[in-house]
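The block underneath contains the structure these notes are about, expressed in structure tokens.
The values are calculated or read from the model by the stated rules, or taken from the named source; none is laboratory data. Since we're looking at a predicted model, the values are computed, not measured. Here the Cβ is made from the backbone with ideal geometry for all residues, glycine too, and neighbour counts use every protein chain on show. SASA here: full protein model, heavy atoms, side chains in, ligands and nucleic acids out. Shrake-Rupley method; radii C 1.70, N 1.55, O 1.52, S 1.80 Å.
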Number of protein chains: 2
Amino acid sequence: MSVQQAIREVEALLGKERVLTTVEDLACYSFDGTADAPSKRPDAVIMPKTTEEVQAIMRIASKYKTPVYPRGAGTNLSGGTIPIKGGLVVTFQMMNKILEVDAENLTATVQPGVIIASLNTAVAPYGLIYPPDPGTVSTATMAGSTAECSGGLRGLKYGVTKHYIMGLEVVLANGEKFRAGGKTVKNVTAYDLVKLFTGSEGTLGIITELIVKLIPAPEAKKSMLAIFSDLDDAGKTIAGIIAAKVIPATLEIMDKTTIETVEAFAKAGLPTDAEAVLLIEVDGIPEVVEKEAQAVVEVCKRFNGKVQVARDDAEREKLWAARRAALPALARKSPTTVLEDATVPRSRIPEMLRAIRAIAKKYDLLIGTFGHAGDGNLHPTILCDERNAEQMKRVHKAVDEIFRVAVDMGGTLSGEHGIGMAKMKYLEWELGATGVDVLRRIKEALDPDYLLNPGKMVAGRS
Amino acid sequence: MSVQQAIREVEALLGKERVLTTVEDLACYSFDGTADAPSKRPDAVIMPKTTEEVQAIMRIASKYKTPVYPRGAGTNLSGGTIPIKGGLVVTFQMMNKILEVDAENLTATVQPGVIIASLNTAVAPYGLIYPPDPGTVSTATMAGSTAECSGGLRGLKYGVTKHYIMGLEVVLANGEKFRAGGKTVKNVTAYDLVKLFTGSEGTLGIITELIVKLIPAPEAKKSMLAIFSDLDDAGKTIAGIIAAKVIPATLEIMDKTTIETVEAFAKAGLPTDAEAVLLIEVDGIPEVVEKEAQAVVEVCKRFNGKVQVARDDAEREKLWAARRAALPALARKSPTTVLEDATVPRSRIPEMLRAIRAIAKKYDLLIGTFGHAGDGNLHPTILCDERNAEQMKRVHKAVDEIFRVAVDMGGTLSGEHGIGMAKMKYLEWELGATGVDVLRRIKEALDPDYLLNPGKMVAGRS
């Protein structure tokens with residue numbers, strides 16, 4: 001078989017110890033962080049140490065037309081790293097060095113396998129941070145989160161991964177490599193290849209080195225919790241904060257179902273008769289934080305919110321513990337947790353929350369919704385059981401409707417989880433047939449044989 | 001001739017009054033803002049009123065294989081809008097409406113021909129700004145500056161055009177259209193088509209509508225001028241300001257040649273024995289501005305800078321008048337002003353200024369350099385005379401060397417002017433043969449016949 005021939009050639013090059021082929025090893029790479037997704041064992045898992053080895057792997061894969069799946073920590077939530085067509089998984093545990101922290105230019109240069117949190121630990125002594133903060137910062141890798149263009153809680157003020165990727169080294173399907181971007185703040189040389197490969201979900205090339213932007217760490221922070229007995233008041237508060245010209249670092253919302261579940265699980269002191277709570281954090285230099293926190297409190301009160309302001313780090317921790325408990329608390333209630341990331345313009349959040357509630361009722365499902373209200377990125381979380389086929393049919397219908405509603409509201413299929421396998425079928429809703437054709441033309445221009453992460457995002461011509 | 005046939009079909013559709021063909025009209029569109037560039041008359045200039053008309057024009061152009069050059073105000077500085085292969089120029093004076101200002105979502109939706117300054121006038125009553133500020137804000141259009149990914153003075157703190165383009169409607173070479181992006185802060189649906197078309201210099205599609213991000217206007221500003229008799233001290237000051245965790249809104253530098261020229265022209269009170277001046281502006285809420293201004297003054301003094309702080313708007317105006325006089329003052333000294341935008345990592349600015357000075361000496365040329373020190377984006381400005389063939393040979397050699405040095409320092413060919421016709425020949429220096437091949441594959445995937453802005457950025461296969 002040609003896949004086996006490819007594996008033998010890779011083994012000859014890298015040695016057998018960096019080419020895993022036992023059933024036990026392969027099983028670990030047959031799935032990823034996505035619930036309710038298919039699984040499939042790869043034929044081998046390869047651990048290169050250098051860009052040149054990645055190039056060699058791709059040359060061999062090209063020769064034998066063997067699919068290749070670049071993989072970070074597999075924490076994505078869209079089936080983005082499942083080796084659905086068999087072939088070779090390439091992982092980057094052995095390319096995990098922070099090559100440089102350049103405090104003067106506010107950049108870091110890293111290998112693909114560096115964990116996001118490790119980078120933040122390394123730059124902290126310089127008083128700097130790398131802001132993108134997906135929930136998986138302590139396991140997710142720099143190249144994985146770049147390929148997925150991960151978001152997080154601070155999107156509104158700080159942006160997402162794409163805003164911090166300044167330069168990339170990429171290996172193409174044919175084994176050739178190139179570099180684009182660099183340490184300059186401004187760069188308009190030709191098409192923005194750095195942005196094209198950021199968020200390309202491993203379908204256009206393999207990222208083998210990254211230059212990322214760092215920013216000064218905020219000196220101070222202040223957190224507030226506001227409780228609302230009316231969803232519209234919560235919505236007006238979100239709008240009112242922005243209208244007061246305050247851009248909070250985080251502006252999170254939890255709906256009634258989530259509040260009840262969190263409270264039952266974590267006893268965080270949330271009032272279970274509330275319709276919504278907002279968790280707000282402002283940051284910056286101390287004078288700004290004071291001023292902005294006051295403005296936020298005023299807006300919350302104006303729209304009938306009951307506000308608690310954390311007076312110290314312990315109180316701040318307690319407020320955030322409730323938010324962090326949202327997903328574990330929901331997940332604890334059922335064997336399967338289908339976590340989506342439908343995203344709408346900020347002004348339409350109350351409407352979207354109501355639509356999700358109606359969909360839950362229609363399909364007789366429990367859906368808790370929480371998420372990043374500041375940037376319109378909601379996480380409707382469906383509590384279900386994969387073994388219950390009848391229920392899962394209702395779940396799939398509900399998911400279809402949630403995305404249909406999000407797109408109809410001028411939103412997007414994915415705020416931060418990516419398209420992967422999970423949302424390919426919806427793509428035309430957002431981009432139209434012409435937009436999807438543009439994706440396909442770009443994919444085929446760079447990877448005509450669909451060797452890189454096949455079965456994700458862009459379907460081949462049928 | 002097929003071009004004439006295409007023009008007749010467009011006339012039949014739009015009426016003759018929106019299809020210009022007189023020699024006088026065509027002459028106006030035979031060149032753009034770029035000095036030392038070739039000129040060429042188009043066969044017609046077309047003024048569509050709707051996206052559907054743009055689609056019809058592209059269908060006709062496709063049928064007759066007629067080149068099409070989308071054009072805003074033609075203020076670019078890389079020959080990006082010169083109709084070098086003849087054909088049809090398409091302009092957007094009649095698609096210049098601001099369709100919506102959405103203060104709640106902090107977005108505006110505009111037609112391609114809206115002038116940048118007009119958008120800022122329209123959003124000012126909401127206390128909002130659209131930050132990208134190329135020198136040509138009062139004439140340049142939204143789609144033109146998006147296609148070129150214009151920069152400006154505020155790049156370090158506020159980013160450039162690409163950071164503010166959230167959604168696009170695009171007409172492709174074949175006349176089909178699609179939309180990507182929208183009003184959501186987060187969007188990771190598929191490849192980042194919005195970013196791919198931003199900065200694509202009209203070579204991939206025609207932008208027919210834009211959704212852009214707005215931000216709250218800063219409440220206060222403070223400007224400072226610092227004078228240095230040693231170039232290294234100026235460099236250390238730039239680094240020191242960043243190290244002090246201050247990100248100024250603007251951080252401009254002028255070299256000795258520029259200072260002397262500005263002073264002779266504008267009598268702004270600059271000391272002509274200075275080696276460099278820095279012009280620094282911090283902005284934000286008043287408390288921050290005070291604190292950051294103090295930090296900047298301290299850093300300037302630490303590195304032997306003589307500092308003036310503007311005490312009021314009149315003094316602020318006076319400081320900035322000197323900076324604004326830089327280009328006119330330099331331009332006044334010679335018939336031709338070759339203005340480049342070689343960009344290096346911020347830390348290498350003193351080294352780059354010295355390299356430019358050495359190149360000026362080597363080729364016996366007068367080069368004044370000013371620019372955006374905060375983001376490493378320098379504007380070496382060569383004063384020359386296009387009619388002097390011998391001198392222009394030296395100018396071209398000097399330009400070659402300036403870009404070679406910039407790339408060797410880890411910089412880029414273009415910080416904000418684009419590649420256009422002017423810098424195609426250097427592309428491999430930055431992107432390598434493989435990177436240039438990636439550009440070509442993307443171009444040919446979307447515009448296989450090179451109908452859109454041919455002769456710019458991406459050369460066809462030879």
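Determine whether segment A:373-388 contains at least one residue that is under 16 Å from B:Lys186 (Cα atoms), among the polar types (S, T, N, Q) and not assigned by TED's automatic domain parsing to the domain that holds A:Gly151. Yes, because at least one residue in segment A:373-388 is under 16 Å from B:Lys186 (Cα atoms), among the polar types (S, T, N, Q) and not assigned by TED's automatic domain parsing to the domain that holds A:Gly151. Inspection of segment B:76-86 identifies no residue that is open to solvent by 50 Å² or more (accessible area, probe 1.4 Å) and more than 25 Å from A:Tyr191 (Cβ to Cβ). Exactly one residue out of B:Tyr130, B:Tyr164 is under 27 Å from B:Val344 (Cα atoms), away from every other protein chain (no Cβ under 14 Å) and at pLDDT 95 or above, and it is B:Tyr130. With respect to the conditions (1) within 10 Å of chain B (Cβ to nearest Cβ); (2) of a type outside the set (Lys, Arg); (3) over 30 Å from B:Arg440 (Cβ atoms), A:Met424 falls short on a single one, namely (3). Taking segment A:443-462 as the range and being of a type in the set (D, E, K, R) and facing another protein chain (nearest Cβ under 9 Å) as the test, the residues that pass are A:Lys443, A:Glu444. The set of residues in segment A:156-172 being farther than 18 Å from A:Thr184 by Cβ, free of Cβ contacts under 8 Å to residues at least 60 places away in the same chain and in contact with a Gly (Cβ under 6 Å, 6 or more places away or on another chain) consists of A:Val170 alone. Looking only at segment A:257-282, residues that are open to solvent by less than 60 Å² (accessible area, probe 1.4 Å) and either not aliphatic (A, V, I, L, M) or not in a loop (DSSP other than H, G, I, E, B) (or both) come to 17 in all. With a requirement of 2 or more residues that are in contact with a Phe, Trp or Tyr (Cβ under 6 Å, 6 or more places away or on another chain) and within 14 Å of chain A (Cβ to nearest Cβ), the helices (runs of 4 or more DSSP H) lying completely within segment B:311-415 that satisfy it span B:389-408. For A:Val399, work out the one condition from (1) closer than 23 Å to A:Val89 by Cα; (2) out of contact with any Leu (no Cβ under 8 Å at 6 or more places or on another chain); (3) crowded, with 21+ Cβ neighbours inside 10 Å it doesn't fulfil. If we test A:Val399 against (1) closer than 23 Å to A:Val89 by Cα; (2) out of contact with any Leu (no Cβ under 8 Å at 6 or more places or on another chain); (3) crowded, with 21+ Cβ neighbours inside 10 Å, just (1) comes out false.
Checked against the criterion of being at negative phi, surrounded by 24 or more Cβ atoms within 10 Å (Cβ to Cβ) and in contact (Cβ under 8 Å) with a residue 40 or more places away in the chain, segment A:184-196 contains not a single residue that satisfies it. If you check B:Thr21, B:Thr66 for being open to solvent by 50 Å² or more (accessible area, probe 1.4 Å) and not charged (D, E, K, R), only one passes: B:Thr21. When each of B:Thr141, B:Thr136 is tested for being touching a Gly at 6+ places or on another chain (Cβ under 7 Å), of a type in the set (Ser, Thr, Tyr) and touching a residue at least 24 places away in the same chain (Cβ under 8 Å), the lone residue that passes is B:Thr141.
Matching residues to (1) open to solvent by 20 Å² or more (accessible area, probe 1.4 Å); (2) within 9 Å of chain B (Cβ to nearest Cβ); (3) touching a Pro at 6+ places or on another chain (Cβ under 7 Å); (4) part of a loop (DSSP other than H, G, I, E, B):
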residue: A:Glu201; (1), (2), (3), (4): no, yes, no, yes
residue: A:Ile211; (1), (2), (3), (4): yes, no, no, no
residue: A:Met224; (1), (2), (3), (4): no, no, no, no
residue: A:Lys236; (1), (2), (3), (4): yes, no, no, no
residue: A:Ile241; (1), (2), (3), (4): no, no, yes, no
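Look at A:Arg440 and say whether it is at the interface with another protein chain (Cβ under 10 Å from one of its Cβ atoms) and either open to solvent by 40 Å² or more (accessible area, probe 1.4 Å) or at pLDDT below 95 (or both). It is true that A:Arg440 is at the interface with another protein chain (Cβ under 10 Å from one of its Cβ atoms) and either open to solvent by 40 Å² or more (accessible area, probe 1.4 Å) or at pLDDT below 95 (or both). When segment A:283-292 is limited to residues that are crowded, with 16+ Cβ neighbours inside 10 Å and in a helix (DSSP H, G or I), the one that is farthest from the other protein chains (Cβ to nearest Cβ) turns out to be A:Val289. Candidates are the residues of segment A:87-110 that are outside any strand (DSSP E or B) and open to solvent by 50 Å² or more (accessible area, probe 1.4 Å); the one that is farthest from A:Pro448 (Cα to Cα) is A:Glu104. Among the helices (runs of 4 or more DSSP H) confined to segment A:115-175, the ones with at least 3 residues that are within 15 Å of A:Pro70 (Cβ to Cβ), open to solvent by 10 Å² or more (accessible area, probe 1.4 Å) and of a type outside the set (S, T, N, Q) are located at A:142-148. Among residues of segment A:428-445 that are farther than 14 Å from A:Met457 by Cβ, those with a beta-carbon under 6 Å from a residue that is open to solvent by 10 Å² or more (accessible area, probe 1.4 Å) and aliphatic (A, V, I, L, M) at least six positions away or on a different chain give the pairs A:Trp429/A:Val407; A:Ala445/B:Ala445. When the residues of segment A:326-367 are filtered to those that are charged (D, E, K, R) and within 20 Å of the chain's Cα centre (by Cα), the one that is least open to solvent (accessible area, probe 1.4 Å) is A:Asp341.
The requirement of being more than 24 Å from the chain's Cα centre (by Cα), surrounded by fewer than 22 Cβ atoms within 10 Å (Cβ to Cβ) and aliphatic (A, V, I, L, M) is satisfied by A:Val307.
Could we say that A:Gly284 is touching a helix residue (DSSP H, G or I) at 6+ places or on another chain (Cβ under 8 Å) and modelled with pLDDT of 95 or more here? No, not satisfied. The single condition among (1) out of contact with any Gly (no Cβ under 9 Å at 6 or more places or on another chain); (2) assigned to a helix (DSSP H, G or I) that A:Asn304 does not satisfy is (2). Evaluating B:Thr66 against the criteria (1) over 22 Å from the mean Cα position of the chain (by Cα); (2) in contact (Cβ under 8 Å) with a residue 60 or more places away in the chain; (3) closer than 30 Å to A:Gly376 by Cβ; (4) outside any helix (DSSP H, G or I) leaves one unmet condition, (3).
When A:Phe31 is tested against the conditions (1) over 22 Å from A:Thr141 (Cα atoms); (2) out of contact with any helix residue (DSSP H, G or I) (no Cβ under 6 Å at 6 or more places or on another chain), the lone failure is (1).
For (1) among the charged types (D, E, K, R); (2) farther than 19 Å from B:Asn76 by Cα, each residue gets a yes or a no:
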residue	(1), (2)
B:Val344	no, yes
B:Lys361	yes, yes
B:Leu365	no, yes
B:Gly374	no, yes
B:Met392	no, yes
B:Phe403	no, no
